[in-house]
Each structure stands twice: as structure tokens, then as C-alpha cells.
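The values are calculated or read from the model by the stated rules, or taken from the named source; none is laboratory data. Note that the structure is a prediction, hence the values are computed from the model and not measured. Cβ atoms come from the backbone with ideal geometry, glycine included; neighbour counts cover every protein chain shown.
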Amino acid sequence: MRAVDAIMECLKAEGVEVVFGLPGGANLPTYDAFVDAGIRHVLVRHEAGGGHAAEGYAKATGRVGVAFATSGPGATNIVTPIVDAMMDSVPTVFITGQVRTDLLGTDGFQETDTLGITMPVVKHSFQIRSPLEIPRAIHEAFHIARSGRPGPVVVDIPQDLSRADITYEPVTDLNLPGYQPTTEGNTKQIRQAAKAMASARRPVIYAGGGVINANASQELSEFATSDRFPVTCTLMGLGAFPAPHPQWLGMLGMHGTRTANYAMDEADLICCIGARFDDRITGKLSEFAPHAKFIHIDIDPAEISKNIPAHIPIVGDCRNVLRKLIKEYRALEGVDTSRTDEWWQKIRAWQEKHPLRYEDSTDAEIKPQYMVQALYEASGGDAIVTSDVGQHQMWAAQHYHFAKPRRWINSGGLGTMGFGLPAALGAQVGCPDQTVVCIAGDGSIQMNIQELATCSQDKIPVKVFIMNNGYLGMVRQWQELFWDKRYSHVDMGSYPDFVKLAEAYGATGMRLTDKTTLVDDMKTALATDGPVLVDVRVTREENTYPMIAPGQPARDMVG
Amino acid sequence: MGEPGTKELLSLDELEAAGNARSGRKHILSILVENKAGVLTRIAGLFARRGYNIDTLTVGPTEDEQYSRITLTFDGAMHSVDQVTKQLHKLINVLKIRDLEPADTVARELALFKVAVEGAQRAEVMQISEIFRGKVVDVTRRSVIVEITGTTDKIAAFERMVRPFGLIEMMRTGEIAISRGRGET
Ligand SMILES: Cc1ncc(C[n+]2csc(CCOP(=O)(O)OP(=O)(O)O)c2C)c(N)n1
Ligand SMILES: [Mg+2]
């Protein structure tokens, strides 16, 4: 059969139900195979949209997201989603076309060194050199993408090789002698961790996106409630622990709650699960959690002791490790549950003194924080929410409470503006029965607005709520706070007219300016068929607080 | 005490952080990799983007044609060997990494020295080469080329000896290293 038909067979064998992409010369043969393959293909309007859609799909479903692009500009257009998927550990496979092998290395038309460009930012990549390699490469690509610490894998296929005639046989074994992720977790270490938790007087569980990747949310809650361990999550971990909850401290880090950050600052033992002590979490590293010992559970050994030396390192899949940890913890004798009473008093006092707060308007003006609260109410708190990057992202993380995993989908590690809409598109394709909402920035949305056309054409009914402050708001905030309010190129005026734009794209456009009817208006938007783009006008110069100023310790939060 | 096998709880004060300390010495990493296109680029790229300095690097075939051996030396005072090896291990094509213990390792490097010599100096340089068990592999009226094999220290010592004569050029391969005894490296 044609190698391109074998590609389709491989995708089916891997359980792929949808591919996001856009064709070109180098993958014309592959696109010919789509005609009869019986695999859904969503034609995006820009390859970056396709890449982020694959990410949104993967994050919402836990399955591998797949995006196709042609060589040259197609491949360079998906570099951002590839990096994004690497930074946030998203299981994705990117299949790129390449020029014919006789043109390779000659600067042929639309030739680019896709493997070279993406090498520093992939979990792995395959350059196809013989058509016979294609099935195995694709099979191994999926295995690598979804196992261990998930991530992006690129398969680059020269056009002529994809047209070759090969005999296809499903590949079921793996030939990856150098790839054996440790998933079980060392039992002795886990027992040590249980004992340490049992004697800690000021413990905190600090959980991240790894818990969601490992589908370990249930286990996380079970462990946390097997005693009264306070829990905080990173931006990527929101939803791993059901908020609101009596043991929930809120998100930690740069725009986390004071309670969560203060708890880290005063903890005597921090149990880090599937997180990586990013600088947005630690603030000034040398003053981070100065009294704490650290248990660090992660599937990726390289994360352990990278930024913070671990006292009890545990390499393994979060779910496996948590299950064992729960068992070990329950088996302990003589655990004094009242040992954390004082700690909880302290935490309650912080919570009371420093709730997330903002000054609401006294008229009809919509405060951005209120906008998120209104959406939480209008959507019953149960939507899949994607976001772009900026102030709106932080307010969404703060004010929309995520009770379940895979409901909050955003770009954390890379902070990619323009992530929200295509990610929502992908999430909606993966979860057709869910309400999928994108909280977008007026700046960010313009970076992938073209995907509205995809949504209209394919009847993907995402609801986009633009938090329109007329600014590159987060940058404006930093200029205000740290650059003496010398605003430099952050004002975007009131362009474009989003309502007209929505209509031009075949979607429904709405503009909301009145706080008093906001919840109802949002309900109307959510109940409208098809894709909807809502331009919500909010206070222009509002700052995201509280905040750990860059390079400062967590205890010096401002705002 | 809170030993793993006992029921006693742990005192947190007993816990000691493990991990990314700097050793302060030279490390020789012996890395077994799949013999596939791009592997060296992946390793070199990893070092470059993580800011690790490589001192020497050699690549060559092994007894099994599926695999290649990379021997890489770097300064443990600059980087945590723990982080370097863990990051290397993340590369899918990397099979095995050994941080070779100097005492249990035979390490060798090949160097070629082109030395300027006039008249009687030639005999002197040849004599020094003999002491170092070097080989003179090329002679002209005004130069000799000496081949030296040995440890990095020995080669450095030879360099110090011949530099005063006028060292026109020196080329070194970087070390390869193999563990002592019957077991595989
Ligand atoms: C592609 C990209 N370019 C630049 C930035 C830097 N940046 C971070 S937040 C931000 C402002 C985003 O503006 P908007 O989408 O309107 O969100 P707001 O902060 O106003 O809510 C910018 C420019 C980025 N994160 N991504
Ligand atoms: Mg804005």
C-alpha cells in the first residue's frame, strides 16, 4: 500500500480520532490519503492554530493530540505549539512534510531543517530516511509522546518517501532501548515520605500539572484527606484538587493567594507532587520556603533536585506513588492528627485576613475579576475553560474555581498569547458534550483569531469571552509598577470591532458593558448555538493582585 | 529513628538533602548511544542550551555496530554531575551513562605535536619524546612531529617540556576511557 495510507493505518491503530492541520506541497500525498481514511481532519487556518488545537484536545481528553503541517513555513508555524507542549508536558505528535530526498540539503523550495529547528524543544523526533521506517516511527512517536513525562514528538517525512509502495504491518513492539521511564516509585522512599508527613507539624502539599497528566486527582484528594494536609496547586495543577474545599489554600506562586504562599514560606515539610519549582512559584530562590524539608515526587528524575534539593526524592508516576503513599500513611501507628491544629489556626487566620479581594465598581462598570466570577456563575462552574496569556489568565485562575481536572487549559510554561481559542477548539472537538469557554485577552485573541473560521465551518460551538481592557494589560501593569508608569506600546485602542469581526467569521458577536445584567447576558451567550465571540468591556487599568514582585521572596507579596 | 523498615515516625531534622551538589573535580562520562543520525547534535545541543561546558568530547564506534560510545569530560566545579547525567538520560537515544571513577578507569588521549627544531635541538626533542614513550612520526630540516599517547596529565607535561622549543601546532583527540576489570564500562 502507499506509505501515506500506512500513515493513516498507523493513526487508527494508535486510536487517533482527529487530526488538526493544513496541507501543502510536501504533504500533498498524505492529504490525498485523508480523503478515504475515515479519520476526522479539522482544517485550521494557521498551523499554530492546529498545534494549539492538538494541545487543547490532549489536555481536555488525556489522549495524544495530533497536528499535521507541510514543510518549510508550515513546519516553522508549528514551532510555538511544539515548544508550548514541551514546557507544559502535553502529549502531542506533530507530523511534518519534508521536501523530496533528492532536494534535501539544497535549499529546495520550502525546505527547512525541521528536525534541527525543533530539536531543542521536543521530547524526541524522527527523520524518516526510508519509507519502511514510517510505521515504526509513528508507533514509537505515540508511545514516547504519551508515556513517562508526556511531551511533543515530531515525525518529519520527505514527500517522495511518503509516496512509496510498502507492505504495511501493524507495529506492536518497541525498539527504544534507551527509553524506560521509571513509573513505580521506590517503596522505601515512599515509606519515608509517609513517616515524614506524619511527623510534620506544618506540612503543605504542593501539586502541579503532573498530577493531572497522571490522572491522579482522585488519589491526591484521598491522600490529602487521609490527614488534614493543606493543599495548594500550581497554575497547571488547578483542578487536581477540588476547589473550593476546606483544605484548599488556593493557587500558589506569583499571583497565587497570600495564604498559599505564606504557608509555603512557613512550612516545615513540603510535599511536591508533579510540579517543578519554577521561578514563578519560588520567587527569590534563596529565600524560598526557608524552614522546609522537601519530598519531591515526579516522573522525570531530572526535575528532582534541579532547583531545590529534595530530602526525599521519589521518581515515579504520580498515581502509582500516591496510591502507595496512601497505603503507607494509613498503616502508620501513633499519628497525632492534632499536631497540625496550630498550623491550621495560622492558615485560617491568613485566609480570613487575606482573601482574594478587589474593589468592585459602584456603577455598571465591569471589573475584570467580576467578569470571571460572573462567568463562573453563568456556566455553573462546570465548563472547560481555556485562556490566553496575561492578566485575564491570572484572574481566571484566581476566580474560576476548578473542581475537576482537565477543566482548566492554559499555556503555563511558555505563556503563549493566542493559545486560548485554538485550544478551546481542540477541547471542544475532544469533548463535544461539554461547554467549552475561552477567557481571552483582547491582545492575545488577535494572535489566532483566524480559527473562528474553523469553528464556524466545522460547527465547533466554543464560547469566547474577551476580557477587553484595550491594553496588553499584563505588560501595562509591569510598566506601571516597575517602570514608573512609562507606558510603551501597550495601548491597543478599541480595535478591532470584535462584534463585526465575529459576524464576518460566521460566528455570533456580542458586546457586554453592563455589570448588572452580565450573568444573564453570559447565560444567553452560552445558550446560543454555534461559536460565539463576546466582547466584554472591562476596567481598563486594573492590576492583578496579589503579586510576588519578580525576584522577591513570597512573604513580601504586594497588593 | 525513622528507618524505612520501622514503624517509628521520622524526625524531619534527620533528613538530608540529596542531589545537585558540585563535586569540584573533573568528570569523565562514558555514554553509550544508539548509532543513529543526529545523536551527537542532540547531546551537543543539550550541553549548549543548558549552559554546560564540555571540555573534551570523542565519538566512535563500539564492538556492536548498533551503538556508539561518546566520552565526554567536563568540570564538576561548574556543573552538578547529577543534573548533567539526568538531562542526558532524557535523550531517547542515550542508553547508558557511566560517571567513571578515576581510580577504576583507564583513560587515554592521543596528541600530535609539531615542534620547531634547529640543529642540536632535534636530538633533544627526540630524547624527551623517548622518555614520554612518544613516537617521532615526521621530520623535516626545521621541525619534527611527535605522537604521544597517555593520560591528559602526561600530555600536558610533554607540552610543557617542548613548548620552549617552539610549539608550532598541537592537536589532541580528547580522552577515551574504559573501566578496569572484567565488567563492561
Ligand atoms: C506571543 C507572545 N508575545 C508577547 C507576550 C508578552 N505578554 C505577556 S502578557 C501580554 C499582554 C497580553 O494582553 P492581553 O491578551 O490583552 O491580556 P491582558 O493582560 O490585557 O489581560 C504580553 C504582550 C507573550 N506572552 N506571548
Ligand atoms: Mg488586554
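What the table below lists for this structure:
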item: Residue identified as within 13 Å of ligand 2 (Cβ to nearest atom) and on the phi < 0 side of the Ramachandran plot among A:Arg476, A:Arg486; result: A:Arg476
item: Any hit, the stretch A:57-65, residues being in contact (Cβ under 8 Å) with a residue 40 or more places away in the chain and closer than 18 Å to A:Leu43 by Cβ; result: yes
item: Residue within the stretch A:511-523 that is over 16 Å from A:Lys367 (Cβ atoms) and under 27 Å from the mean Cα position of the chain (by Cα) present; result: yes
item: Hits in the stretch B:12-57 (condition: modelled with pLDDT of 80 or more, under 24 Å from A:Asn307 (Cα atoms) and within 7 Å of another protein chain (Cβ to nearest Cβ)); result: B:Leu12, B:Leu15, B:Glu16, B:Ala17, B:Arg42, B:Gly45, B:Arg49
item: Flag for A:Glu140 being more than 11 Å from every other protein chain (Cβ to nearest Cβ) and surrounded by fewer than 24 Cβ atoms within 10 Å (Cβ to Cβ); result: no
item: Selection from the stretch B:128-185 of residues that are touching a residue at least 40 places away in the same chain (Cβ under 8 Å) and small (Gly, Ala, Ser); result: B:Gly150, B:Gly166, B:Gly174, B:Ala177, B:Ser179, B:Gly181
item: In the stretch A:419-433, the residues that are within 16 Å of ligand 2 (Cβ to nearest atom) and either more than 16 Å from the chain's Cα centre (by Cα) or among the aliphatic types (A, V, I, L, M) (or both); result: A:Leu421
item: Any hit, the stretch A:53-61, residues being within 15 Å of the chain's Cα centre (by Cα) and surrounded by fewer than 23 Cβ atoms within 10 Å (Cβ to Cβ); result: yes
item: Unmet requirement for A:Val315, which otherwise passes all of (1) within 30 Å of A:His399 (Cβ to Cβ); (2) in contact with a Ser or Thr (Cβ under 7 Å, 6 or more places away or on another chain); (3) surrounded by 19 or more Cβ atoms within 10 Å (Cβ to Cβ); result: (1)
item: Scan of the stretch A:165-193 for residues that are more than 11 Å from chain B (Cβ to nearest Cβ), more than 30 Å from A:Pro81 (Cα to Cα) and among the hydrophobic types (A, V, I, L, M, F, W, C), ordered by number; result: A:Ile166
item: Index of the failed condition, A:Ile466 passing every other in (1) in a helix (DSSP H, G or I); (2) within 12 Å of ligand 1 (Cβ to nearest atom); result: (1)
item: Among the candidates A:Gly426, A:Gly415, A:Gly430, residue that is under 26 Å from A:Gly237 (Cα atoms), within 8 Å of ligand 1 (Cβ to nearest atom) and either free of Cβ contacts under 8 Å to residues at least 60 places away in the same chain or touching a strand residue (DSSP E or B) at 6+ places or on another chain (Cβ under 9 Å) (or both); result: A:Gly415
item: Set A:Lys515, A:Lys463: member being in contact (Cβ under 8 Å) with a residue 60 or more places away in the chain, closer than 22 Å to A:Gln428 by Cα and either small (Gly, Ala, Ser) or crowded, with 17+ Cβ neighbours inside 10 Å (or both); result: A:Lys463
item: Odd one out for A:Ile7 among (1) part of a helix (DSSP H, G or I); (2) in contact with an Asp or Glu (Cβ under 7 Å, 6 or more places away or on another chain); (3) among the β-branched types (Val, Ile, Thr); result: (2)
item: Filter result (in contact with a helix residue (DSSP H, G or I) (Cβ under 6 Å, 6 or more places away or on another chain) and more than 9 Å from ligand 1 (Cβ to nearest atom)) within the stretch A:440-453; result: A:Asn448, A:Glu451
item: Pairs where the first residue, in the stretch A:100-116, is away from chain B (no Cβ under 14 Å) and the second is assigned to a loop (DSSP other than H, G, I, E, B) and surrounded by 14 or more Cβ atoms within 10 Å (Cβ to Cβ), C-beta under 6 Å, 6+ apart; result: A:Gly108/A:Val99; A:Gln110/A:Ser71; A:Gln110/A:Gly72; A:Glu111/A:Val99; A:Thr112/A:Gly72
item: Any hit, the stretch A:434-441, residues being assigned to a strand (DSSP E or B), more than 16 Å from ligand 2 (Cβ to nearest atom) and within 22 Å of A:Arg63 (Cα to Cα); result: yes
item: Answer residue from the stretch A:486-512, given it is among the small types (Gly, Ala, Ser), in a loop (DSSP other than H, G, I, E, B) and at pLDDT 95 or above and is surrounded by the fewest Cβ atoms within 10 Å (Cβ to Cβ) among those; result: A:Ser488
item: Criterion (more than 30 Å from A:Asn175 (Cα to Cα) and at pLDDT 95 or above) met by exactly one of B:Glu147, B:Glu101; result: B:Glu147
item: Some residue of the stretch A:293-304 being touching a Gly at 6+ places or on another chain (Cβ under 6 Å) and away from every other protein chain (no Cβ under 12 Å); result: no
item: Yes/no for A:Gly151 being within 14 Å of chain B (Cβ to nearest Cβ) and buried (at least 20 other Cβ atoms within 10 Å of the Cβ); result: yes
item: Single match in A:Gln393, A:Gln398, A:Gln373, A:Gln351 (criterion: in a helix (DSSP H, G or I), modelled with pLDDT of 95 or more and within 16 Å of ligand 2 (Cβ to nearest atom)); result: A:Gln393
item: Strands (runs of 3 or more DSSP E) contained in the stretch B:135-181 and holding at least 1 residues among the basic types (Lys, Arg) and out of contact with any Phe, Trp or Tyr (no Cβ under 6 Å at 6 or more places or on another chain); result: B:135-139, B:167-172
item: Residue in the stretch A:473-482 that is more than 9 Å from ligand 1 (Cβ to nearest atom), within 17 Å of A:Val534 (Cβ to Cβ), assigned by TED's automatic domain parsing to the domain that holds A:Ala374 and polar (S, T, N, Q) present; result: no
item: Residues of the stretch B:129-144 satisfying the condition of being surrounded by fewer than 17 Cβ atoms within 10 Å (Cβ to Cβ) and of a type outside the set (S, T, N, Q); result: B:Glu130, B:Ile131, B:Arg133, B:Lys135, B:Val136, B:Val137, B:Asp138, B:Val139, B:Arg141, B:Arg142
item: Test for A:Arg406: is it within 14 Å of ligand 1 (Cβ to nearest atom) and basic (Lys, Arg); result: no
item: From the options A:Glu47, A:Glu17, residue that is under 29 Å from the mean Cα position of the chain (by Cα), surrounded by fewer than 19 Cβ atoms within 10 Å (Cβ to Cβ), within 30 Å of A:Ser387 (Cα to Cα) and in contact (Cβ under 8 Å) with a residue 12 or more places away in the chain; result: A:Glu17
item: A:Asp160 vs. criteria in a helix (DSSP H, G or I), among the acidic types (Asp, Glu), farther than 23 Å from A:Arg348 by Cβ and away from every other protein chain (no Cβ under 14 Å); result: yes
